[in-house]
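Input: a single structure, listed below in C-alpha cells.
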Amino acid sequence: MDALRILITRRWPVEVERAMAAQFDVVLNEGDKPLSQADLAAAMGEFDVLCPTVSDRIDADVIGGGDRVKLIANYGVGFDHIDLAAAKAKGIAVTNTPGVLTDATADIAMTLLLMAARRAGEGERELRAGQWSGWRPTHLVGSALKGKVLGCVGFGRIAQATARRAHHGFGMKVAYYARRPADEAVAQELQAEFTPDLINLLGKADFVSLHVPGGAETASMIDAAAIAAMKPGSYLINTARGGVVDHAALAAALRSGHLAGAGLDVYPAEPQVPAELLDIENVVLLPHLGSANSETRIAMGMCAMANVEEFAKGAELPNPVT
Ligand code: NAP
C-alpha cells in the first residue's frame with residue numbers, strides 16, 4: 001500500500017517532522033506561515049490525513065473542501081477550532097494530544113498567577129524603562145499566596161495539575177466548580193472543595209483559574225455578571241481559551257479596581273489581543289505559551305504521530321475526540 005499522504009500545517013519540532021517523514025508521504029510547511037482557509041479546504045481533497053493545530057480554523061467550509069482526508073490528527077489537546085459535527089458527518093475521525101501538555105500548561109497557569117500576584121510584569125516594564133528608583137517598603141506591593149483560595153473553573157487534567165502546584169507548592173486552598181465532583185483520591189490529596197455553583201465559587205476565590213474547553217458551551221462563561229460576582233481584589237487567570245472570557249468586562253473590572261489583576265495566555269481571535277487590555281498595567285499578557293517547552297512540544301508531535309500510525313494500520317485510535 002502507498003504511504004499515507006499527510007499535510008502538517010505548521011512547523012513541528014524537527015525530531016517529529018523527521019519521524020513522520022520516515023514513515024509517510026509528508027508535506028511540511030517550511031515557511032511556517034498560517035495556511036489560508038482556501039489552502040486548508042483544498043488540502044481536504046489532496047491528502048489522507050490533515051495535521052492542524054490551534055492556529056488553523058477547520059470549519060465546515062474547510063471540511064467540505066474535498067473528500068480525501070479521513071483523519072484530522074490535531075497537534076494539541078483543545079479542539080474547539082475544529083467543527084466536529086461537520087467532520088463526523090463526512091466520516092472523518094478527529095484525534096488530539098491529551099495529557100502530554102498537562103504539566104507545561106499548569107506551569108504557565110502558575111507563572112501567570114505568580115506574575116499577577118507579585119506584579120512581575122509591572123516591575124519588569126518599570127525597570128527596563130529606567131523608571132526604578134530603588135527598594136522601598138511600599139514599592140509594587142502584591143499579594144501573598146499562602147492560605148489564599150485558588151478557585152478552578154473546570155477540574156480536568158490541567159486544573160488538577162495547577163491545583164497540585166498551588167496546594168503542595170504554595171500552601172493555597174483549593175476549591176473548584178465542575179459538573180461533577182472529582183475522584184475522592186484527588187479531592188483528598190488536594191483537600192479540594194467541590195462547589196457546584198459557579199457564582200458561589202467566584203465569590204469565594206482569591207484567584208480564579210479557568211480550565212474548561214473552548215467552544216459554544218463555555219463562550220463568555222466569565223461574562224460581566226460573573227466578573228461582578230468575583231471577590232473584590234481577586235485575580236483572574238486564563239490558560240483555557242480566550243472565548244471563555246468577556247474581555248471588555250474584564251478590562252472594566254481591572255480599571256475600576258474591582259479585580260486586583262489578571263493573567264492571560266489565550267485570546268478570542270489570536271494573534272489579536274483585545275486592544276482595551278494593552279495599556280492596563282495589572283494584567284499579564286502571554287502569547288499562548290501554555291505548552292511551549294521543547295520536551296512537551298516533542299511529546300505532542302509524537303502523540304499526534306501515534307494516532308496517525310494506528311490509523312494507518314486500521315487499528316483503534318489512541319486519542320479520538322468525540
Ligand atoms: P480536560 O482534562 O478535558 O479538562 C476539561 C474539564 O472541563 C473537564 O473536567 C470537563 O468536565 C470540564 N468542562 C467541560 N465543559 C464544562 C462546562 N461547561 N462546565 C464545567 N466544566 C466543564 O482538558 P485539559 O487537558 O485539562 O485541557 C483543558 C483546556 O485547556 C483545553 O480544552 C484547552 O482549550 C486548554 N489548553 C490550553 C493550553 C495553552 O497553551 N494555554 C494548553 C493546553 C490546553 P466534564 O468531565 O464535566 O466534561
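Quick test for you: out of 4, 71, pick the one residue that is over 25 Å from residue 156 (Cβ atoms), away from the ligand (no atom under 16 Å from the Cβ) and over 19 Å from the mean Cα position of the chain (by Cα). Give the steps one after another, and end with the answer.
Working: 71 fails: over 25 Å from residue 156 (Cβ atoms).
Of the residues listed, the single one that is over 25 Å from residue 156 (Cβ atoms), away from the ligand (no atom under 16 Å from the Cβ) and over 19 Å from the mean Cα position of the chain (by Cα) is 4.
If I ask for residues that are of a type in the set (Gly, Ala, Ser) and near the ligand (Cβ under 9 Å from one of its atoms), which ones from region 139-158 would you list? Step through it out loud before you land on a result.
At the first step, the residues of region 139-158 found to be of a type in the set (Gly, Ala, Ser) are 142-144, 147, 151, 154, 156.
Within region 139-158, 154, 156 qualify.
Please list, ordered by first then second residue, the pairs with beta carbon atoms under 9 Å, 6 or more apart or interchain, first in region 176-201 and more than 13 Å from the ligand (Cβ to nearest atom), second of a type in the set (Asp, Glu) and part of a strand (DSSP E or B).
Pairs found: 187/193.
Mind checking whether some residue in region 221-231 is surrounded by fewer than 21 Cβ atoms within 10 Å (Cβ to Cβ), free of Cβ contacts under 8 Å to residues at least 60 places away in the same chain and in a loop (DSSP other than H, G, I, E, B)?
yes
Of the residues 234, 291, only one is away from the ligand (no atom under 16 Å from the Cβ), among the hydroxyl-bearing types (Ser, Thr, Tyr), touching a residue at least 12 places away in the same chain (Cβ under 8 Å) and crowded, with 18+ Cβ neighbours inside 10 Å; which?
Values: 291 fails: away from the ligand (no atom under 16 Å from the Cβ).
Just one listed residue meets the conditions, 234.
Scan (1) within 16 Å of the ligand (Cβ to nearest atom); (2) crowded, with 20+ Cβ neighbours inside 10 Å for the single condition residue 261 breaks and write down its number.
(1)
Every residue, every condition in (1) within 28 Å of residue 78 (Cβ to Cβ); (2) of a type in the set (S, T, N, Q); (3) within 16 Å of the ligand (Cβ to nearest atom), yes or no:
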{"position": "132", "(1), (2), (3)": "no, no, no"}
{"position": "160", "(1), (2), (3)": "yes, yes, yes"}
{"position": "164", "(1), (2), (3)": "yes, no, yes"}
{"position": "168", "(1), (2), (3)": "yes, no, no"}
{"position": "172", "(1), (2), (3)": "yes, no, no"}
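Buried (at least 19 other Cβ atoms within 10 Å of the Cβ) and either charged (D, E, K, R) or more than 22 Å from residue 96 (Cβ to Cβ) (or both): which single residue out of 278, 250, 285 fits that description?
Values: 278 fails: buried (at least 19 other Cβ atoms within 10 Å of the Cβ); 285 fails: buried (at least 19 other Cβ atoms within 10 Å of the Cβ).
Unique residue meeting the criteria: 250.
Within region 26-33, identify whether any single residue is of a type in the set (A, V, I, L, M) and in a loop (DSSP other than H, G, I, E, B), and answer yes or no.
Here is the first cut: in region 26-33, the ones of a type in the set (A, V, I, L, M) are 26-28.
Now narrow it down to the ones that are in a loop (DSSP other than H, G, I, E, B): 28.
The answer is yes, given that some residue of region 26-33 is of a type in the set (A, V, I, L, M) and in a loop (DSSP other than H, G, I, E, B).
Which of the residues that make up region 248-302 are more than 30 Å from residue 24 (Cα to Cα) and either in a helix (DSSP H, G or I) or in contact with a Cys (Cβ under 9 Å, 6 or more places away or on another chain) (or both)?
If the condition is that a residue be more than 30 Å from residue 24 (Cα to Cα) and either in a helix (DSSP H, G or I) or in contact with a Cys (Cβ under 9 Å, 6 or more places away or on another chain) (or both), then 248, 249, 250, 251, 252, 253, 254, 255, 256, 275, 276, 277 are the ones that fit.
Of all residues in region 167-200, count the ones that are assigned to a helix (DSSP H, G or I) and either farther than 22 Å from residue 222 by Cα or more than 22 Å from the chain's Cα centre (by Cα) (or both). Break it down into steps so the answer makes sense when it comes.
Kept after step one, since they are assigned to a helix (DSSP H, G or I), are these residues of region 167-200: 167-170, 184-190, 198-200.
With the extra rule that they be either farther than 22 Å from residue 222 by Cα or more than 22 Å from the chain's Cα centre (by Cα) (or both), the set shrinks to 167-170, 184-190, 199-200.
Adding up the residues that qualify gives 13.
Among the numbered conditions (1) touching a Pro at 6+ places or on another chain (Cβ under 8 Å); (2) within 12 Å of the ligand (Cβ to nearest atom); (3) of a type outside the set (D, E, K, R), tell me where residue 218 comes up short.
(1)
Every read-out reported here was derived from the displayed coordinates using simple, explicitly stated rules and does not represent laboratory data. Not measured: the values here are computed from a predicted model. Don't worry about glycine lacking a Cβ; one is built from the backbone with ideal geometry, like all the others, and counts go over all protein chains shown.
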